[in-house]
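Peer 1: Here's a structure for you.
The values are calculated or read from the model by the stated rules, or taken from the named source; none is laboratory data. Since this is a predicted model, take the numbers as computed values, not measurements. The accessibility values were calculated without ligands, DNA or RNA, using every heavy atom of the protein model including side chains. Shrake-Rupley method; radii C 1.70, N 1.55, O 1.52, S 1.80 Å.
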Amino acid sequence: MTASPALTKPMMVALAEYHESQARYLRNRVASARCDTCAHGGGAHCKKYDMVPPPEVKRIGCEEYEFDNIPF
């Protein structure tokens, strides 16, 4: 087994920046995971469950959330 090369300071900075960008992306995705951005319906009527979601679910989404690929 060979030893892994040591990380240099520039490599560690780049790695930290990458992880921060990924964390920022995930925080934004979670913040936008609401019924009005879900592929199952747009908030008025959920196609997945064939019903109108309650107001609290419309605000925060549910575990079946799927991004609708529309970024706004």
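Peer 1: Can you sort 45, 40 by solvent-accessible area, 1.4 Å probe, largest first?
Peer 2: Per-residue accessible area, sorted high to low, gives 45, 40.
Peer 1: Quick one: length gained pulling residue 32 to residue 64 fully straight, 0.36 nm per residue minus the C-alpha distance?
Peer 2: 10.1 nm
Peer 1: Cut-off under 17 Å on the C-alpha distance; same-chain residues fewer than 8 positions from residue 47 excluded. Which aspartates and glutamates are left, in chain and number order?
Peer 2: 36, 63, 64, 66, 68
Peer 1: Please list, in order along region 5-10, the HN-Hα scalar couplings obtained from phi with the Karplus expression 6.51 cos²θ - 1.76 cosθ + 1.60 (θ = phi - 60°), rounded to whole Hz, x for Gly and Pro.
Peer 2: Residue by residue, region 5-10 yields x, 5, 7, 7, 4, x Hz.
Peer 1: Let me ask another. Amide H of residue 46: which non-local residues (sequence gap of 5 or more, or other chain) have their own amide H closer than 5 Å, using H built in the peptide plane?
Peer 2: 51, 52
Peer 1: Another question, if that's okay. Search the structure for amide H atoms under 5 Å from the amide H of residue 39, placed 1.01 Å from N in the peptide plane, and list their residues when 5 or more places away or on another chain.
Peer 2: Amide H to amide H, under 5 Å and 5 or more residues apart or across chains, residue 39 pairs with 66, 67, 68.
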